[in-house]
Amino acid sequence: QPALDAAMAAFIGGVGPLGRFSTGFAAAVLGEMEAAFTTRQTDTSGLPITRDPNDEEWRIVHPLFSAFLEESLRADAPQRLREMHRAAAHWYAEHDHLSDAVRSAFASDDATFAGELLARASAARKRIGRFRKFATWAAQLPSEVLDRYPTLGIEAACTHAALFEHEAARVYADPARLRFN
């Protein structure tokens with residue numbers, strides 16, 4: 001297999017750390033004008049990237065390759081990695097991919113945006129049955145975000161109660177009880 005050209009290497013280095021991509025996603029995150037062509041080129045690149053069996057528009061980067069690319073970028077350009085995750089979070093949010101948006105918001109160190117997304121989803125009842133994931137996300141939210149979105153604290157208490165984690169449920173329920181009497 002011949003070496004990747006510089007444009008393809010830059011493209012893979014940009015979207016690979018995010019784990020999956022589509023043409024629209026790549027264009028938004030990278031500002032890549034030729035994203036459709038480059039995305040199609042990944043099909044024959046010989047790299048560990050496959051089409052998503054559930055959605056032909058998306059490509060999935062093998063988790064080990066994605067993790068390698070992410071660690072490389074974290075070592076070489078951590079701010080660029082955060083910017084990519086921030087752009088990804090906003091793209092995902094605009095396209096109703098809540099879990100991906102929240103994960104990218106946390107990866108970009110933007111707990112405030114993650115809290116906003118979780119509060120918006122709770123209001124719309126879009127998060128169904130993801131108790132363990134929500135508990136993990138709620139634990140990453142700083143207290144000022146929980147104060148701004150008190151329903152998240154109540155929801156976190158209910159989530160921990162549903163998981164039979166009673167002490168953790170009290171940690172979230174007590175401030176809500178004091179606040180709302």
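The values are calculated or read from the model by the stated rules, or taken from the named source; none is laboratory data. None of these values were measured; they are calculated from a predicted model. FYI the Cβ positions are ideal-geometry reconstructions off the backbone, even for glycines, and counts take in every protein chain you see. Each accessible area value is taken on the protein alone, full model and side chains, heavy atoms only, with ligands, DNA and RNA left out. Shrake-Rupley method; radii C 1.70, N 1.55, O 1.52, S 1.80 Å.
Which value, in debye to the nearest 20, describes the size of the charge dipole of the stretch 15-104 about its Cα centre when Lys and Arg Cβ atoms bear +1, Asp and Glu Cβ atoms bear -1, and nothing else is charged?
260 debye
Quick check: Cα centre of the stretch 133-181 to Cα centre of the stretch 89-125, how many Å?
18 Å
How many percent of the accessible area of the chain is carbon or sulfur, using a 1.4 Å probe?
Here it works out to 56 percent.
Send over the semi-axes of the chain's equivalent ellipsoid, whole angstrom and largest first, taken as the square roots of 5 times the C-alpha gyration tensor eigenvalues.
In descending order, the three semi-axes are 37, 15, 14 Å.
Is the C-alpha gyration tensor of the stretch 19-59 telling us rounded, prolate or oblate? Criteria: a/c under 1.5 is rounded; beyond that, a/b larger than b/c is prolate, otherwise oblate.
Working: a/c = 1.96, a/b = 1.33, b/c = 1.47.
Verdict is oblate for the stretch 19-59.
Excluding ligands, DNA and RNA, what is the solvent-accessible area per residue of the chain at a probe of 1.4 Å, expressed in Å²?
Per residue, the chain has 56 Å² of solvent-accessible surface.
Classify the stretch 64-115 as rounded, prolate or oblate, taking a ≥ b ≥ c as the square roots of the eigenvalues of its Cα gyration tensor: rounded when a/c is under 1.5, otherwise prolate if a/b is larger than b/c and oblate if not.
In terms of gyration-tensor shape, prolate.
Using the Cα centre as the reference, give the magnitude of the dipole from point charges on the C-beta atoms of the chain (Lys, Arg: +1; Asp, Glu: -1; all else neutral), rounded to the nearest 20 debye.
In total the dipole reaches around 620 debye.
Rounded to the nearest 500, what is the 222 nm mean residue ellipticity of the chain from helices alone, with -39500 (n - 2.57) per DSSP H run of 4+ residues and division by all residues?
Result for the chain: -21000 deg cm²/dmol, rounded to the nearest 500.
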